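First comes the structure, then the notes that go with it.
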Amino acid sequence: MLLTRICLIAVSGTLLLIGPVSAGEAQSRFFDSDGVKIHFVEKGQGDPVVLIHGFAASHQMNWVLPGILDRLAEDYRVIALDNRGHGQSDKPHERSAYGLHMVDDVIRLMDHLDIPRAHVVGYSMGGFITTRLITRHPDRVASAVIGAAGWNEHPEPRFALLDAIGDSLESGNGLIPLMQALQPTDQPKVPTEQLQATSQLIMAVNDPLALSAAIRGMRELTVQRSELEQNQVPVLAVVGSSDPLREGVEELAAVMNNLELVLIDGADHLSAVRRSEFTDVILDHLKRHPLSRQAVTASRQP
């Protein structure tokens with residue numbers, strides 16, 4: 001049930017107030033991204049893989065708790081950051097501090113670690129950041145996985161939802177509009193009063209004004225059809241079959257060049273990352289697009 005899943009996530013996040021959830025032997029560090037302190041962890045060896053989490057989450061909630069970071073780190077050098085406004089990173093309250101700055105944080109992190117090119121995996125908001133990253137810095141992305149984040153020819157309804165979420169956060173009403181929008185398409189709707197209780201738990205580990213600024217700044221992550229049609233980066237799009245964002249992901253798949261779409265049967269927006277199939281398809285995608293082979297191919301081009 002959606003409410004149960006949200007509660008589990010919220011309780012897990014509340015534990016972060018007591019102490020961080022261990023990511024095994026992952027190294028926890030910070031770096032300066034144009035004046036904003038960004039937290040990240042690193043684990044494993046091999047081709048670099050950057051993980052970008054979703055809205056109102058953190059690297060721990062999105063990647064550590066489901067076991068994704070550890071599984072990927074068995075074969076890859078995995079770097080997972082806390083987006084600005086989230087987790088242990090700085091939380092500016094100005095909308096102007098977000099948007100494309102969240103894309104640039106990824107590039108600055110790669111520069112900080114002397115990584116010229118990396119695989120990038122983003123989920124939900126992280127998926128929108130990844131899509132913008134591909135179009136803005138295609139030379140830095142070896143391959144990409146876009147989880148539960150799509151595209152719309154006419155984004156006005158999505159912009160209206162972003163504003164509604166921002167208004168709710170600023171008025172002290174939490175994440176109710178977002179939680180209502182993300183309810184599975186094949187399940188009964190959860191009563192508003194139950195969503196309110198869960199929202200309070202989630203907001204206990206978040207800064208509402210930082211989240212409001214971040215969600216409003218997501219307008220800047222919009223990409224044009226022509227940019228998608230010209231894409232040369234190998235992309236895997238993954239979404240649950242019961243996720244309300246599935247329609248946008250399928251629209252993205254119909255427009256974006258060099259994209260493969262995978263549906264996770266019966267999964268919704270919150271449960272998809274906790275399904276073993278989610279990590280399985282990521283690993284398969286990474287294995288089919290190794291950096292070493294891409295380097296050889298590039299060297300053979302005239």
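The values are calculated or read from the model by the stated rules, or taken from the named source; none is laboratory data. A quick note: this is a predicted structure, and the numbers were derived from the prediction, not measured. When we count neighbours, we look across all protein chains shown, and the Cβ atoms used for this are built from the backbone with ideal geometry, even at glycine.
May I ask you to verify whether residue 272 is in contact (Cβ under 8 Å) with a residue 24 or more places away in the chain and surrounded by 22 or more Cβ atoms within 10 Å (Cβ to Cβ)? Criteria met by residue 272. All conditions but one from (1) under 18 Å from residue 272 (Cα atoms); (2) of a type in the set (S, T, N, Q); (3) not in a loop (DSSP other than H, G, I, E, B) apply to residue 187; the one that does not is (3). Looking across 10, 80, one residue alone is at pLDDT 95 or above, in contact with a helix residue (DSSP H, G or I) (Cβ under 6 Å, 6 or more places away or on another chain) and not acidic (Asp, Glu). It is 80. Checking each residue in the range 238-262 for being under 22 Å from residue 138 (Cβ atoms) and either among the polar types (S, T, N, Q) or assigned to a loop (DSSP other than H, G, I, E, B) (or both) picks out 256, 257, 258.
Here is a yes/no grid of residues against (1) within 20 Å of the chain's Cα centre (by Cα); (2) at pLDDT below 50; (3) polar (S, T, N, Q); (4) buried (at least 16 other Cβ atoms within 10 Å of the Cβ):
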| site | (1), (2), (3), (4) |
| --- | --- |
| 1 | no, yes, no, no |
| 30 | yes, no, no, no |
| 33 | yes, no, yes, yes |
| 38 | yes, no, no, yes |
| 45 | no, no, yes, no |
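For residue 211, the criteria (1) at pLDDT below 95; (2) in a helix (DSSP H, G or I); (3) not hydroxyl-bearing (Ser, Thr, Tyr) hold in every case but one, which is (1). Taking every residue in the range 216-227 that is among the small types (Gly, Ala, Ser) and pairing it with any residue that is in a helix (DSSP H, G or I), at least 6 positions away or on another chain, the pairs with Cβ-Cβ distances below 8 Å are 217/95; 217/96; 217/97; 217/101; 217/102.
Pairing residues of the range 17-43 that are within 10 Å of residue 80 (Cβ to Cβ) and basic (Lys, Arg) with residues that are at pLDDT below 95 and part of a strand (DSSP E or B), at Cβ distances under 9 Å and at least 6 apart in sequence or on separate chains, gives 43/27. Quickly run through the range 174-214 and pick out the residues that are within 18 Å of residue 61 (Cα to Cα), free of Cβ contacts under 8 Å to residues at least 60 places away in the same chain and among the small types (Gly, Ala, Ser). The one that is within 18 Å of residue 61 (Cα to Cα), free of Cβ contacts under 8 Å to residues at least 60 places away in the same chain and among the small types (Gly, Ala, Ser): 199. On the basis of being part of a helix (DSSP H, G or I) and either at pLDDT below 95 or acidic (Asp, Glu) (or both), does residue 195 make the cut? So residue 195 fits the description; yes.
Looking only at the range 172-184, how many residues end up being out of contact with any Phe, Trp or Tyr (no Cβ under 8 Å at 6 or more places or on another chain) and in a helix (DSSP H, G or I)? Even if it seems obvious, please write down each step before you answer.
Start the filter on the range 172-184 by keeping residues that are out of contact with any Phe, Trp or Tyr (no Cβ under 8 Å at 6 or more places or on another chain), which leaves 172-177, 179-184.
Still in the running and in a helix (DSSP H, G or I): 176-177, 179-181.
So the count comes out to 5.
Within the range 214-237, the residues that satisfy the criterion of being under 30 Å from residue 288 (Cα atoms) and not in a loop (DSSP other than H, G, I, E, B) are 221, 225, 226, 227, 228, 229, 235, 236, 237.
Considered as a group, the residues in the range 223-256 that are surrounded by fewer than 16 Cβ atoms within 10 Å (Cβ to Cβ) and of a type in the set (Ser, Thr, Tyr) include one that is farthest from the chain's Cα centre (by Cα), and that residue is 226. Taken together, the criteria place residue 107 among residues that are surrounded by fewer than 21 Cβ atoms within 10 Å (Cβ to Cβ), of a type in the set (Val, Ile, Thr) and under 20 Å from residue 218 (Cα atoms).
Taking the range 181-200 as the region of interest, how many residues are buried (at least 17 other Cβ atoms within 10 Å of the Cβ) and of a type outside the set (Gly, Ala, Ser)?
Filtering the range 181-200 down to residues buried (at least 17 other Cβ atoms within 10 Å of the Cβ) leaves 182-184, 190, 195, 198-199.
Still in the running and of a type outside the set (Gly, Ala, Ser): 182-184, 190, 195, 198.
The qualifying residues number 6.
For the range 41-55, enumerate the residues that are within 23 Å of residue 292 (Cβ to Cβ) and out of contact with any His (no Cβ under 6 Å at 6 or more places or on another chain). Within the range 41-55, 42, 43, 44, 45, 46, 47, 48, 50, 51 meet the criteria.
Quick one: in the range 127-161, which of the residues that are among the small types (Gly, Ala, Ser) and over 16 Å from the mean Cα position of the chain (by Cα) is nearest to residue 220 (Cα to Cα)? Steps first, answer last, please.
The initial filter retains those residues of the range 127-161 that are among the small types (Gly, Ala, Ser), namely 127, 142-144, 147-150, 160.
Among the residues that remain, those that are also over 16 Å from the mean Cα position of the chain (by Cα) are: 142, 160.
Numbers: 142: 23, 160: 14 Å.
Ranking the qualifying residues of the range 127-161, first place goes to 160.
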